[in-house]
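Have a look at the structure below before the remarks.
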């Protein structure tokens, strides 16, 4: 039975999509069956998985509005080794259309139920805003993986996210928890980043993943080729770090 995780952070530009596609590819590389759900109308995780969002016959939009099932809408990201439930600009309209519908925050959860046995991991790439789409992700997930840069403003954004997760936990999804914080775009030469990293470990303890994702040019280049860094350049430092992170996720999951 699949474990479902959101990759979320209310601060933009922290590498959520990079984390999601590379974690999905890393998990596939270590033998896990993975479904990636792109819940962001920009469709970056879709394009970053080598799938053209403009060519999708069905997308997560159709799944949320119940005009297609997950089995009908998912596609195979062949080069990456995982399945994808893609997104495109249509999804922006779902925000408005969902408002008046019943079970509006539980639609993704219900849609994924029939395919849970087919996967070990389902990863959901959430938009940066706290919207009905993000809420669908948080109501579906067992836990949240939070990618964050070790910078001062990132700490402020983290406290907002922790409060949001507490509210969803209390009112909508009692199993929701923070699985861990992933330090991304890390540069050990910058003293401030080391200090913030130590603060995170002091405050959150074992909720901080051991793996650290370094700032890496090859990871940044990979999306322009429509691939996760793990596939685009498997030997790059960032790619190797994401494979290590995938192994740590599998290991941590065994202890939950």
Fill in the blank from the handout: Using alpha carbon centers only, the range 3-18 is separated from the range 212-256 by a whole-angstrom value of 14 Å
Practice task
Could you state the angle between the C-alpha long axis of helix 16-29 and the longest principal axis of the C-alpha atoms of the chain, as a value from 0 to 90 degrees rounded to the nearest 10?
Solution key: 90 degrees
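Rounded, prolate or oblate, given the Cα gyration tensor of the range 181-230, with a/c below 1.5 counting as rounded?
In terms of gyration-tensor shape, oblate.
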Completion exercise
Checked the range 3-254 with the C-alpha gyration tensor, a ≥ b ≥ c its square-rooted eigenvalues, rounded below a/c of 1.5, otherwise prolate if a/b is larger than b/c and oblate if not; verdict oblate
Exercise for the section: Between residue 92 and residue 71, take the C-beta separation as r, use R0 = 30 Å, and let me know the FRET efficiency to the nearest 0.05. Expected result: 0.75
Problem - Label-point gap, in nm, between residue 163 and residue 198 - each point 7 angstrom along Cα→Cβ - result: 2.9 nm
Practice task
Mind ranking 11-20, 202-211 by how tightly packed they are, going by the mean number of other C-beta atoms within 10 angstrom, highest first?
Solution key: 11-20, 202-211
Exercise for the section: Please check which bits of the range 166-203 a label hung off residue 1 would reach, taking the label as a point 7 Å along Cα-to-C-beta and the cut-off as backbone N under 15 Å. Expected result: 174-176
Exercise for the section: Could you state the angle between the C-alpha long axis of helix 237-254 and the longest principal axis of the C-alpha atoms of the chain, as a value from 0 to 90 degrees rounded to the nearest 10? Expected result: 70 degrees
Handout entry: Relative contact order of the range 3-254, defined on C-alpha pairs under 8 angstrom at six or more residues apart (%)
Key = 26 percent
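Once you sort the root eigenvalues of the Cα gyration tensor of the range 108-231 as a ≥ b ≥ c, which label holds: rounded (a/c under 1.5), prolate (a/b larger than b/c) or oblate (the other case)?
Oblate.
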Practice task
For the range 135-188 and the range 25-97, compute the distance between their C-alpha centroids and round to whole Å.
Solution key: 22 Å
Practice task
Quick one: angle between helix 191-204 and the longest Cα principal axis of the chain, in degrees between 0 and 90, rounded to 10, please.
Solution key: 60 degrees
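Could you order peptides 194-201, 231-238 by the average number of other Cβ atoms within 10 Å of their residues, highest first?
The densest-packed peptide leads the list: 231-238, 194-201.
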Fill in the blank from the handout: Only helices counted: for the chain, with every DSSP H run of 4 or more residues adding -39500 (n - 2.57) and the sum spread over all residues, [θ] at 222 nm is -12500 deg cm²/dmol
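We did not get these values from a lab; they are worked out from the coordinates using the rules stated. What you are looking at is a predicted structure, and each value in this text was computed from that prediction instead of being measured. Don't worry about glycine lacking a Cβ; one is built from the backbone with ideal geometry, like all the others, and counts go over all protein chains shown.
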